[in-house]
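Just below is one structure, and these are the notes that go with it.
The values are calculated or read from the model by the stated rules, or taken from the named source; none is laboratory data. Because the structure is a prediction, the values reported are computed rather than measured. Note that we place each Cβ from the backbone using ideal geometry, even for glycine, and neighbour counts take in every protein chain shown.
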């Protein structure tokens with residue numbers, strides 16, 4: 001199962017699986033001060049984090065979930081809840097775990113995250129005609145989701161959640177969005193809002209619009225890094241730029257060769273070549289398949305209809321955002 005994860009992605013539910021293989025890339029934590037916030041029934045509006053908008057009840061709780069997920073208080077809080085199939089109780093965890101992070105630590109961590117800005121390409125645009133044509137293409141085709149008004153100019157996202165069912169032709173690989181761990185009564189239920197839970201209960205799970213600020217440094221793209229090319233681990237700025245342009249070409253195309261992770265050898269009744277989702281996205285008790293979306297790199301074909309010159313210009317403009 002670990003080998004099945006796409007490079008650069010990790011399934012953080014591996015130790016307490018919801019029986020959906022849903023690896024994802026760590027989301028970009030920058031430009032928090034300028035991002036949209038949403039009314040989720042708390043004392044003040046909150047950011048949407050997570051690829052599906054799951055961690056939407058404030059940075060302190062989102063950070064605390066990561067602490068209890070991967071180390072601090074795991075034995076006292078997370079393991080018992082996972083073993084019994086119940087919600088992690090934050091208040092009980094605070095009482096039972098001597099190492100529970102103090103509120104001030106969480107406040108300081110969130111303040112630090114709020115200070116991080118998107119990585120900027122360290123050169124100025126040399127081809128101004130190309131730059132402004134690219135900006136025009138962005139304004140024409142992208143701003144309905146990748147908002148660039150006001151403070152969002154440094155973010156390039158409205159942070160809205162796009163239900164997979166709303167636009168099936170452009171829907172990306174579904175398995176990551178179908179995670180159940182943030183639903184009512186499930187492990188991370190106290191780390192998501194009633195807004196998220198209502199959306200999940202109505203079958204409207206999806207992915208939030210990812211910010212494009214600093215996109216040049218984040219290739220390959222999508223929640224599972226399945227679209228585009230990798231720069232070398234020790235890449236120079238120009239090597240990373242070249243990988244970015246190649247990844248944008250792949251993103252702005254409908255001609256992607258399907259990526260399907262398959263079994264290299266037979267496992268029980270599953271022959272070699274079986275899509276791995278058929279093994280790892282299945283209820284072990286009933287055998288029910290929980291996610292049958294096996295193609296990793298489909299969807300988000302916005303911009304694919306643009307002429308080649310316009311695609312390059314759009315990519316050139318985004319390089320400097």
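Just a few scattered comments:
- The stretch 219-239: number of residues that are assigned to a loop (DSSP other than H, G, I, E, B) and under 17 Å from the mean Cα position of the chain (by Cα): 8
- Summed over the stretch 258-295, the residues that are free of Cβ contacts under 8 Å to residues at least 12 places away in the same chain and out of contact with any strand residue (DSSP E or B) (no Cβ under 8 Å at 6 or more places or on another chain) give a count of 10.
- Tally of residues being in contact (Cβ under 8 Å) with a residue 60 or more places away in the chain and either closer than 11 Å to residue 321 by Cβ or not in a loop (DSSP other than H, G, I, E, B) (or both) across the stretch 120-131: 5
- Residue that is farthest from the chain's Cα centre (by Cα) [pool: residues in the stretch 257-279 that are surrounded by 15 or more Cβ atoms within 10 Å (Cβ to Cβ) and not in a loop (DSSP other than H, G, I, E, B)]: 270
- All conditions but one from (1) under 22 Å from residue 184 (Cβ atoms); (2) surrounded by 14 or more Cβ atoms within 10 Å (Cβ to Cβ) apply to residue 105; the one that does not is (1).
- With respect to the conditions (1) in a loop (DSSP other than H, G, I, E, B); (2) over 15 Å from the mean Cα position of the chain (by Cα), residue 165 falls short on a single one, namely (1).
- Consider the stretch 84-102 and keep the residues that are surrounded by 14 or more Cβ atoms within 10 Å (Cβ to Cβ) and under 28 Å from the mean Cα position of the chain (by Cα). The one that is farthest from residue 63 (Cα to Cα) is 87.
- Any chance residue 251 is free of Cβ contacts under 8 Å to residues at least 60 places away in the same chain and crowded, with 20+ Cβ neighbours inside 10 Å: yes
- Here residue 225 passes the criteria (1) under 30 Å from residue 314 (Cβ atoms); (2) touching a helix residue (DSSP H, G or I) at 6+ places or on another chain (Cβ under 7 Å); (3) surrounded by 16 or more Cβ atoms within 10 Å (Cβ to Cβ) except the one numbered (2).
- Per the conditions (1) out of contact with any helix residue (DSSP H, G or I) (no Cβ under 6 Å at 6 or more places or on another chain); (2) assigned to a helix (DSSP H, G or I); (3) at pLDDT 95 or above, the sole criterion not satisfied by residue 216 is (1).
- The selection criterion, being at pLDDT 95 or above and either farther than 27 Å from residue 179 by Cα or in contact with a strand residue (DSSP E or B) (Cβ under 9 Å, 6 or more places away or on another chain) (or both), holds for residue 241.
- Here residue 193 clears all of (1) crowded, with 21+ Cβ neighbours inside 10 Å; (2) closer than 13 Å to residue 163 by Cα except the condition numbered (2).
- For the stretch 280-314, the set of residues classified as more than 20 Å from residue 225 (Cα to Cα) and surrounded by fewer than 16 Cβ atoms within 10 Å (Cβ to Cβ) consists of 283, 284, 285, 286, 287, 288, 289, 305, 307, 308, 309, listed by residue number.
- Where residue 152 falls short, out of the listed (1) exposed (fewer than 13 other Cβ atoms within 10 Å of the Cβ); (2) farther than 30 Å from residue 14 by Cβ: (1)
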